[in-house]
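Single-structure report; data block below.
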Amino acid sequence: MRRLTYSIPKGYVNATQMCHANNITGHKFRIVIGNQYRSGIDSIGWHSDNEPSMGFNPAIASISLGSCRKFQIKPIGGRPTDFWLEHGSLLVMHPGCQSTHLHQVPKTNKVVSTRINLTFRPHTGGGK
Ligand SMILES: O=C(O)CCC(=O)C(=O)O
Ligand SMILES: [Fe+2]
């Protein structure tokens, strides 16, 4: 999987995806991370996104483009729930989710082509 991180420049709020992410969720985001899954071999394992640079209990909004992939989320120590993230879908992980749950996009044997995932997150780092 390839991962690119960008700061969201001032004024970018006019861009469609950012408007949608902010308006629909009601949360303010400062960075966007792009993940490229080139095929079913590309994946991201169980984790939570709770780096201190994102502040306490971040909300994270996730937009999926391209191939549909399975997204799993589970309470820590619990059983996973599966979601299918289709092209154009918006998934929101609300504040608190990163403290109580883990999520992943597992590998798949199915033939799938490229998927791009954009996650909008609140802070760039620097402790604010
Ligand atoms: O690709 C996805 O849907 C999830 C990506 C993710 O969990 C992450 O970048 O932290
Ligand atoms: Fe994540």
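The values are calculated or read from the model by the stated rules, or taken from the named source; none is laboratory data. What you see is a predicted model, and the numbers here were worked out from it, not measured in a lab. Positions of Cβ are backbone-derived with ideal geometry, glycine not excepted, and every protein chain shown enters the neighbour counts. With ligands, DNA and RNA removed, areas are computed over all heavy atoms of the protein, side chains included. Shrake-Rupley method; radii C 1.70, N 1.55, O 1.52, S 1.80 Å.
Rolling a 1.4 angstrom probe over region 64-128 with all protein chains present gives an accessible area of which 57% lies on carbon and sulfur atoms. With R₀ fixed at 25 Å, the C-beta to C-beta distance from Ser99 to Met1 puts the FRET efficiency at about 0.55. Within region 29-128, the chymotrypsin sites (Phe, Trp or Tyr not before Pro) that combine a DSSP coil assignment with at most 12 other C-beta atoms in a 10 angstrom radius are Phe56. Available extension along the chain between Lys110 and His47 is 20.4 nm, counting 0.36 nm per residue and deducting the alpha carbon span. Spacing of the modelled spin labels on Asp82 and Gln36, each 7 Å from Cα toward Cβ, amounts to 2.8 nm.
Close amide H partners of His101, meaning residues 5 or more places away or on another chain with modelled amide H under 5 Å apart, are Ile76.
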